[in-house]
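Visitor: Sharing a structure below in structure tokens format, with a few things to ask.
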Amino acid sequence: MDKIVIEGGYPLTGEISISGAKNSAIKLMVVSLLTSEPVTLTNMPDLRDTRSLAALLKHMGVEVESETASKMMLHAPKLSSTTAPYDLVRKMRASFNVLGPLIAREGKAKVSLPGGCAIGARPVDLHLKALEALGASIKLEEGYVIAEAKKGLKGAEITFPFISVGATEHAMLTAVLAKGETILFNAAREPEIVDLANCLNAMGAKISGAGRSEITIKGVNKLSGVEHAVVPDRIEAGTYALAAATAGGSVRLKNIRSDHLGSLWPLIAQAGAKVSLDETTVLIERGGGRPKPVDVDTQAYPGFPTDLQAQFMALMCLANGVSIIRENIFENRFMHCPELTRMGADITVIGREAIVRGVKEFRAAPVMATDLRASASLISAGLAARGETHISRVYHLDRGFEHIEIKLGGCGARIRREKDD
């Protein structure tokens, strides 16, 4: 098992090119189940999660080839299996989204209940209720969802009781081949949902309203193949922006959609860093002195992303004052706090609220990544810390960040990957 070793205390200077979005890529790969024609995805990130999903799709009969590191071709002229086994699904929660497309194409599916990061229950009941509304019969047996739609799927009006990105995407992926019209109310609005809708529409789907809270899907009989570029990863961009603000220096991020992080840039500026941006690049600069305290509430898009909460907290740990960070999306998403505390941070967690009293510096320590985004916060802390920080269990990091030690090393970070003892 690998670990990341960081000799901290050196500002970052240079450029980082942002990869395709993990949260978009893994849903776009599932699109291949909906058509017998080839699907080609460009600007693909090379991640543990994309490789895990590729293994699952291959198990079901999808031909998966990577011409280059950033180009993936998927082709499923015929599926050999409609079962997604536990050993493959448990590695990544988003694998569960094969369920709806399998029902839509084959009329049946058997899919293991999902795994993924341990950041709260994140139940799949919204997914299952949406599929039932579309005409699927669902039963649970021994940790598997067994579903059928013998008479096919039919459009429906589906109101989500709360905003769920995964359930919105899953309903879209299923409804595109249902008969009639489906309307999703209280739908998630994330850019990754817009990216999925754009890809499906290019294949012949009829989806309108993606990016708004009401999405309309008019079912079609079949979808064609497509070549589609994955949208840049706003969470990766935000992570490196916050790392630059935490460690100090001057970092330019390229290949981004700056409008996808409209809630982040003012907060980084409020903390004392200079932010210069256009549509596809952003420059983060922070010189001497400690950051200023900033309160943050995570919210559904376009609010502040829960996936950047841990990274923003690392910045606030060094602020000259007290900040309050409220986590409104996932319970149990403060598991990084004890690890940051090991590095000298002063954090008090009360329910969904973290009170962060800024300290003058981080101190290097051996720490452990507890989930994907928490591991990124430890990278930021290690870059700013005095001494050598060892971060174990970085397989979490590899799920969502492509070559992070190479990208940061190109900006002067003293960071390396080693085998853990």
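We did not get these values from a lab; they are worked out from the coordinates using the rules stated. Not measured: the values here are computed from a predicted model. Reconstructed Cβ throughout: ideal geometry from the backbone, glycine too, with neighbour counts over all protein chains shown.
Visitor: Report, please, the projected area of segment 7-155 averaged over directions, based on the convex hull of its C-alpha atoms, in nm². Please report the intermediate quantities before stating the final value.
Guide: Working: hull surface 46.4 nm².
So the mean shadow area of the Cα hull is 11.6 nm².
Visitor: Can you tell me how segment 323-395 classifies by the Cα gyration tensor, rounded, prolate or oblate, using a/c under 1.5 as the rounded cut? Can you show the working numbers first?
Guide: On the way: a/c = 2.42, a/b = 1.29, b/c = 1.87.
Oblate shape, in that a/c is at least 1.5 and b/c is the bigger or equal ratio.
Visitor: Sticking with this one: Residue by residue, what Karplus-based ³J(HN,Hα) values in Hz, rounded to whole numbers, does segment 32-47 have, using 6.51, -1.76 and 1.60 with θ = phi - 60° and x for Gly and Pro?
Guide: Listing the rounded values in order: 4, 6, 8, 9, 8, 9, x, 10, 10, 10, 10, 6, 7, x, 9, 9 Hz.
Visitor: Gain in length, Asp2 to Ser208, computed as 0.36 nm per residue apart minus the alpha-carbon separation, to one decimal in nm? Kindly include the intermediate steps, with their values, before the conclusion.
Guide: Working: separation 206, 0.36 × 206 = 74.16 nm, distance 4.42 nm.
Computed gain between Asp2 and Ser208 is 69.7 nm.
Visitor: Run the quick spin-label model on Asp420 and Asn255: label points 7 Å from Cα toward the beta carbon, then report their separation in nm to one decimal.
Guide: Spacing of the two 7 Å Cα→Cβ label points: 2.9 nm.
Visitor: Say R0 is 25 Å: what FRET efficiency, to the nearest 0.05, do Ala55 and Leu113 get from their beta-carbon distance? Before the final figure, lay out the partial values.
Guide: Values: r = 18 Å, r/R0 = 0.72.
For Ala55 and Leu113, the calculated efficiency is 0.85.
Visitor: What are the extents of the Cα atoms of the chain along their three principal axes, listed from largest to smallest and rounded to whole Å?
Guide: On the principal axes, the chain reaches 65, 44, 41 Å in Cα extent.
Visitor: Here is a follow-up. Show me 358-365, 166-173 ranked by packing, highest mean number of other Cβ atoms within 10 Å first. Spell out each step's value before the answer.
Guide: Working: 358-365: 17.9, 166-173: 25.0.
Ranking, from highest mean packing down: 166-173, 358-365.
Visitor: What whole number of Å gives the distance from the Cα centroid of segment 1-21 to the Cα centroid of segment 170-235?
Guide: 34 Å
Visitor: I'd like to know which of Gly288, Gly321, Gln311 lies farthest towards the positive end of the charge dipole of segment 283-368, counting +1 on Cβ of Lys and Arg and -1 on Cβ of Asp and Glu.
Guide: Sorting the options by dipole projection puts first Gly288.
Visitor: To test your reading of the geometry: what angle, between 0 and 90 degrees and rounded to tens, separates the Cα axis of helix 234-247 from the longest principal axis of the chain?
Guide: 10 degrees
Visitor: Going by how many other beta carbons lie within 10 Å of each one, how would you line up Thr341, Thr370, fewest first? Walk me through the numbers before you get to the answer.
Guide: Numbers: Thr341 16, Thr370 24.
If I rank by nearby Cβ atoms, fewest first, I get Thr341, Thr370.
Visitor: Ok, one more. Give me the one-decimal nm value for the distance between modelled label points at Arg326 and Asp278, 7 Å along each residue's Cα-to-Cβ direction.
Guide: 3.8 nm
Visitor: Follow-up. Search the structure for amide H atoms under 5 Å from the amide H of Asn328, placed 1.01 Å from N in the peptide plane, and list their residues when 5 or more places away or on another chain.
Guide: Thr298
Visitor: So, in nm, how far is label Glu353 from label Glu157 when the simple model puts each one 7 Å beyond its Cα toward the Cβ?
Guide: So the label points at Glu353 and Glu157 sit 3.9 nm apart.
Visitor: Among rounded, prolate and oblate, which fits segment 369-421 when a ≥ b ≥ c are the square roots of the eigenvalues of its C-alpha gyration tensor, a/c under 1.5 means rounded, and a/b larger than b/c means prolate? All intermediate terms of the calculation are to be shown ahead of the outcome.
Guide: On the way: a/c = 1.39, a/b = 1.21, b/c = 1.15.
Cα axes put segment 369-421 in the rounded bin.
Visitor: Further, regarding this structure: List every residue whose amide H lies under 5 Å from the amide H of Glu227, counting only residues 5 or more places away in sequence or on a different chain, with H placed 1.01 Å from N in the peptide plane.
Guide: Thr40
Visitor: If you don't mind, another one. Which value at 222 nm does the chain reach when only helices count, each DSSP H run of 4 or more adding -39,500 (n - 2.57), with the total divided by all residues and rounded to the nearest 500 deg cm²/dmol?
Guide: Numbers: 14 runs with 124 residues, N = 421.
Rounded to the nearest 500, it is -8500 deg cm²/dmol.
Visitor: Now for a separate question. Please give the helix 372-384 orientation as an angle from the longest Cα principal axis of the chain, in degrees from 0 to 90, rounded to the nearest 10.
Guide: 20 degrees
Visitor: Let me ask something additional. Quick one: length gained pulling Glu65 to Glu132 fully straight, 0.36 nm per residue minus the C-alpha distance?
Guide: Working: separation 67, 0.36 × 67 = 24.12 nm, distance 3.37 nm.
Going from the current span to full extension adds 20.7 nm.
Visitor: Which Rg and Dmax, in Å, describe the Cα atoms of segment 304-355?
Guide: 10.1, 28
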